[in-house]
1. Can you find, within segment 81-138, the residue that is surrounded by the fewest Cβ atoms within 10 Å (Cβ to Cβ) among those that are basic (K, R) and within 28 Å of I268 (Cβ to Cβ)?
2. Of everything in segment 24-53, what is surrounded by 13 or more Cβ atoms within 10 Å (Cβ to Cβ) and among the aliphatic types (A, V, I, L, M)? Give them in sequence order.
3. Which one of these does H295 not meet: (1) under 19 Å from E224 (Cβ atoms); (2) touching a Phe, Trp or Tyr at 6+ places or on another chain (Cβ under 9 Å); (3) buried (at least 22 other Cβ atoms within 10 Å of the Cβ)?
4. Please go through segment 150-183 and give me each residue that is of a type outside the set (G, A, S) and touching a Lys or Arg at 6+ places or on another chain (Cβ under 6 Å), ordered by number.
5. Please state which one of L180, L147 is more than 17 Å from V355 (Cα to Cα) and touching a strand residue (DSSP E or B) at 6+ places or on another chain (Cβ under 8 Å).
6. Report, by residue number, each residue of segment 123-154 that is out of contact with any helix residue (DSSP H, G or I) (no Cβ under 8 Å at 6 or more places or on another chain), hydrophobic (A, V, I, L, M, F, W, C), in a helix (DSSP H, G or I) and under 20 Å from D244 (Cβ atoms).
7. Conditions first: (1) among the aliphatic types (A, V, I, L, M); (2) assigned to a helix (DSSP H, G or I); (3) under 28 Å from the mean Cα position of the chain (by Cα). V84 passes all but one, so which condition is the exception?
8. Quick check on this structure: which one of S216, S196 is assigned by TED's automatic domain parsing to the domain that holds P303, touching a residue at least 24 places away in the same chain (Cβ under 8 Å), of a type in the set (S, T, Y) and within 15 Å of D128 (Cα to Cα)?
Amino acid sequence: MFEALGVVTLFLVLATCLPLLPIGHWSVRGFDFPRLQFAAIATLLLILQAYFLSFASIASWLMVTATLGCLLWQLWWVLPYTPVWRKEVHSCQSQDSDNSLSILVSNVLMTNRNSKALLALIHEHNPDVVITLESDQWWQDQLDVLLAQRPYSIKCPLDNLYGMHVYSRLAIENSEIRYLVEDDVPSIHGDLVLRSGNKVRVHFLHPAPPSPTENSHSTPRDAELLVVARRVAEQSIPTLITGDLNDVAWSRTTRLFRKVSGLLDPRIGRGLFNTFHADYPLVRWPLDHLFHSRHFTLNEIRPLPNIGSDHFPLYASLTFSPQQGRQQQGINADAQDKQQAQEIAAQKPVTKEDVL
């Protein structure tokens with residue numbers, strides 16, 4: 001049993017330490033994702049070690065110490081996304097329909113044909129804006145029924161898993177479809193006009209992930225996220241970013257994105273709100289995100305029921321309340337963070353001026 005516990009402990013240590021390496025290969029970056037699962041493994045391992053080890057040797061104590069260290073490190077990344085943490089975004093204190101904004105974002109899974117399930121959720125929750133990812137021409141044909149109540153649309157049907165569609169009852173100005181980093185991976189940008197007339201700069205993103213079937217390294221994803229973050233940082237305007245970022249909320253890249261952009265994460269202090277994988281309850285993490293500037297407070301955020309995709313849709317409702325929002329604090333970027341973001345973005349032929 002000592003040997004078996006030793007092998008599992010060694011694996012846990014490697015899985016914990018690998019993400020610390022400045023290596024963008026998918027085989028390394030993949031260990032950013034299952035931190036909650038690794039924390040659960042570490043907890044179970046500590047129980048087994050306490051039961052089976054005699055603690056008469058230094059090796060036993062080293063094994064327990066290593067496991068405890070791994071557990072604490074994994075929890076350090078995950079605990080902010082639980083109710084034990086201080087909320088980063090305040091709950092809205094008063095309802096103001098003219099300044100409210102509700103969004104439903106859904107990675108539909110291009111091959112999924114259960115459009116009725118998504119349309120039913122849209123009918124039930126009645127969001128102002130619907131954003132779909134992985135939507136091709138078939139999905140566009142099904143979703144165009146939304147135009148009756150959401151006449152403002154941006155359509156980019158693609159059959160490569162990176163199509164995007166936006167349907168909105170709020171006017172969209174200065175809308176653009178950009179291919180910031182990769183020629184076949186779009187992003188959508190524009191200005192939403194609230195009922196009050198206030199404008200919100202929006203960026204809808206779906207960068208390609210590091211994986212054995214797509215990009216071998218995380219550079220394209222990281223560059224897109226950070227070039228948008230750098231652009232947002234120099235614009236002191238109401239801003240919202242949402243989409244499937246193909247990165248977990250607690251990764252070093254997402255944390256750097258939050259620092260550099262200055263945007264807030266409404267999940268901090270509330271919950272994980274896992275959106276992937278819809279089919280495997282024990283292997284889930286938050287891949288779909290919503291970040292916003294301090295101009296907003298939160299009414300509601302939650303994942304919605306399965307629509308046949310590998311992602312759950314994500315629903316959020318915000319209120320434009322800059323006076324209350326002024327008290328909110330995110331995490332700040334220092335000079336080293338800004339330099340790192342610039343260096344990562346510079347690895348691809350894209351500049352912050354390419355972003356609206």
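1. Filtering segment 81-138 for residues basic (K, R) gives 86-87, 113, 116.
Next, from what is left, pick out any that are within 28 Å of I268 (Cβ to Cβ): 86-87.
Values: R86: 8, K87: 15.
Ranking the qualifying residues of segment 81-138, first place goes to R86.
2. Of everything in segment 24-53, those that are surrounded by 13 or more Cβ atoms within 10 Å (Cβ to Cβ) and among the aliphatic types (A, V, I, L, M) turn out to be V28, L36, A39, A40, I41, A42, L45, L46, L48, L53.
3. Status for H295: all satisfied but (1).
4. We begin by selecting, within segment 150-183, every residue of a type outside the set (G, A, S); these are 150-152, 154-162, 164-167, 169-170, 172-174, 176-183.
Answer for segment 150-183, where residues must be of a type outside the set (G, A, S) and touching a Lys or Arg at 6+ places or on another chain (Cβ under 6 Å): R150, H165, Y167, R169, V181.
5. On the way: L180 fails: more than 17 Å from V355 (Cα to Cα).
Only one candidate passes the filter, namely L147.
6. Step one: filter segment 123-154 for residues out of contact with any helix residue (DSSP H, G or I) (no Cβ under 8 Å at 6 or more places or on another chain), giving 123-129, 131, 133-134, 136-138, 140-141, 144, 147-152, 154.
Of the ones still in play, those that are also hydrophobic (A, V, I, L, M, F, W, C) are 129, 131, 133, 138, 147-148, 154.
Cutting the leftovers down to in a helix (DSSP H, G or I) gives us 138, 147-148.
Within segment 123-154, just W138 meets the criteria.
7. (2)
8. On the way: S216 fails: within 15 Å of D128 (Cα to Cα).
The conditions single out S196.
The values are calculated or read from the model by the stated rules, or taken from the named source; none is laboratory data. Because the structure is a prediction, the values reported are computed rather than measured. Using ideal geometry, Cβ is built from the backbone for each residue, glycine included, and neighbour counts are taken over all protein chains shown.
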